[in-house]
Amino acid sequence: MLISFHLASTVHYIAYHSQAPAAVSYLSAPGSGDHTADVSASAFTGTGTTSGYFSDVVTGVDVVTDTDTQTVDVIGDNLVDDDISGTHPLRGDGRWRLAGRIATAVQADTSGNAHYGVVAGDIHENRISVDAAHGHGGGYSLLTRLSYDILSEPNLTTVVVDEGLQDIVYGTDDTALTTAYQVLLDQLKAWGIRAVVMNLTPCEGYAGCTAAADENRQAVNVWISDLTAAIPPGVQSLDANAAVAVDDPNSTTDPAQQQISSQAAPLDFDAGDHVNLSADGYAALAAVVTNDLTVLGPSVAG
């Protein structure tokens, strides 16, 4: 799909996603005129042009089907502090991230599961409970943007929540974070939307993951593991931590502290900064969902 637009006047602020999944943008040089009807690439390759995996202005595309297709919104992309020097987030084509991998699996599924429409509702560095300060990554918190980024999606039946680690490394404690999770779950339940909540992956070895922060992460994971609701729309917890974690061989605690696996491929899940995931790490993370796509469907009361 190709979308062209021309901004005729000076624009001081536009919607921007610096890590947009599977979106490649090409910008002509400022002041070069309207090139929306160009059939050659020359206006987008010369001096003053910009290109990359980001998205300006376009924040979503509505797809109309001839069936009553249900929608799954995937919130969170496991990109932590990705604009900070020293981190190594996996950049480029967003199809390797969670939403892209779930969409690919749903499209390829032949086992009779519903073919959902999958929305990437993620924002890099986004937090659940706290709006980012102006000029910093993350933008409005998940709770702030819930109504217009999530609840506004058509035929929304399921939300996959993969957020919270950015809150932890920014100093949010387990009580504040689980309180925010509960507000989110209560809102989704009130709207009849199923919640699939993934727990938080390891961050040991990353500067922002202090001993206190990791204790908070573990406490949050215990809280998430206890989530259950068989009555529709339902709540389901998934163990993302176990998918990518290994015990720290130098740990002196019992149980041992955990870190992202940096073993030989295909178990090289650490992007290199001990908090972001590699391509293999995202594959392992997504498999927690895609190995059994029935988790996206409604709960059945026993």
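Just to be sure I understand: with springs between alpha-carbon atoms less than 10 Å apart, which residue in 173, 226, 186 has the highest mean-square fluctuation in the Gaussian network model of the chain?
Among 173, 226, 186, the largest GNM mean-square fluctuation belongs to 226.
If the viscosity is 1.567 mPa s and the temperature 4 °C, what Stokes-Einstein diffusion coefficient in µm²/s follows for the stretch 42-84 when Rh is the Kirkwood radius over Cα pairs? Let's see the in-between values first.
On the way: Rh = 15.1 Å.
Roughly 86 µm²/s, to the nearest whole number.
Let me check the size of the stretch 156-302 from its C-alpha atoms; what are the radius of gyration and Dmax in Å?
Spelled out, the Cα radius of gyration and Dmax of the stretch 156-302 are 15.7, 46 Å.
For the charge dipole of the chain, defined by +1 on Lys and Arg C-beta atoms and -1 on Asp and Glu C-beta atoms about the Cα centroid, which residue among 28, 150, 274 has the Cα displaced farthest towards the positive pole?
Final value for the positive-end residue is 28.
Compare 54, 269, 44 in a GNM of the chain, Cα atoms joined below 10 Å, and give the one with the largest fluctuation.
Ranking 54, 269, 44 by mean-square fluctuation puts 44 first.
Given a 1.4 Å probe, how much area per residue of the stretch 171-289 is accessible, in Å²? Numbers along the way, then the final one.
Working: 5280 Å² over 119 residues.
Dividing the accessible area of the stretch 171-289 by its residue count gives 44 Å².
Taking only the alpha-carbon positions of the stretch 100-210 and ignoring solvent, what does the Debye formula give for the base-10 log of I(q)/I(0) at q = 0.11 Å⁻¹?
With no solvent term, the Cα-only Debye profile gives -0.41.
Sort 1, 198 from largest to smallest accessible area, using a 1.4 Å probe on the heavy atoms of the protein chains.
Sorted descending by solvent-accessible area, the residues read 1, 198.
Taking 35 Å as R0, compute the FRET efficiency from the Cβ-Cβ separation of residue 111 and residue 50 and round it to 0.05. Please report the intermediate quantities before stating the final value.
Details: r = 43 Å, r/R0 = 1.23.
Efficiency, from the Cβ-Cβ distance: 0.25.
Among 204-210, 148-154, what's the highest-first ranking by average C-beta atoms within 10 angstrom per residue? Intermediate values should be presented prior to the final figure.
Numbers: 204-210: 17.9, 148-154: 16.0.
Descending packing order for the listed peptides: 204-210, 148-154.
Top mean-square fluctuation among 225, 251, 51, Gaussian network model of the chain, C-alpha springs under 10 Å?
Looking only at 225, 251, 51, the biggest GNM fluctuation is shown by 251.
May I have the extent of the alpha carbons of the chain along their three principal axes, as whole Å values ordered from largest to smallest?
So the three principal-axis extents are 64, 46, 36 Å.
What is the angle, in °, between the Cα long axis of helix 211-225 and the longest principal axis of the Cα atoms in the chain? Nearest 10 is fine, range 0 to 90.
Long axis of 211-225 versus the principal axis of the chain: about 80 degrees.
Can you give me the distance in nm between label points at residue 264 and residue 219, each placed 7 Å from the Cα along the Cα-to-Cβ direction?
In this crude label model, residue 264 to residue 219 measures out at 4.1 nm.
Once you charge only the Cβ atoms, +1 for Lys and Arg and -1 for Asp and Glu, what is the size of the charge dipole of the stretch 201-302 about its Cα centre, to the nearest 20 debye?
Once rounded to the nearest 20, the dipole reads 360 debye.
As I understand it, the value is the acute angle between the Cα axis of helix 174-190 and the longest principal axis of the Cα atoms of the chain; what does it come to in degrees, rounded to 10?
70
Of the heavy-atom accessible surface of the chain (probe 1.4 angstrom), what whole percent is carbon and sulfur?
Carbon with sulfur: 53 percent of the solvent-accessible area.
With axes computed from alpha carbons, what is the tilt in degrees of helix 279-290 against the longest principal axis of the chain, rounded to the nearest 10 within 0 to 90?
Its long axis makes an angle of about 70 degrees.
The values are calculated or read from the model by the stated rules, or taken from the named source; none is laboratory data. Computed from a prediction, not measured in an experiment: that's the story for all the values here. Cβ coordinates were reconstructed from backbone atoms using ideal geometry, including for glycine residues, and neighbour counts include every protein chain displayed. Keep in mind that these areas ignore ligands, DNA and RNA; they rest on the heavy atoms of the full protein, side chains included. Shrake-Rupley method; radii C 1.70, N 1.55, O 1.52, S 1.80 Å.
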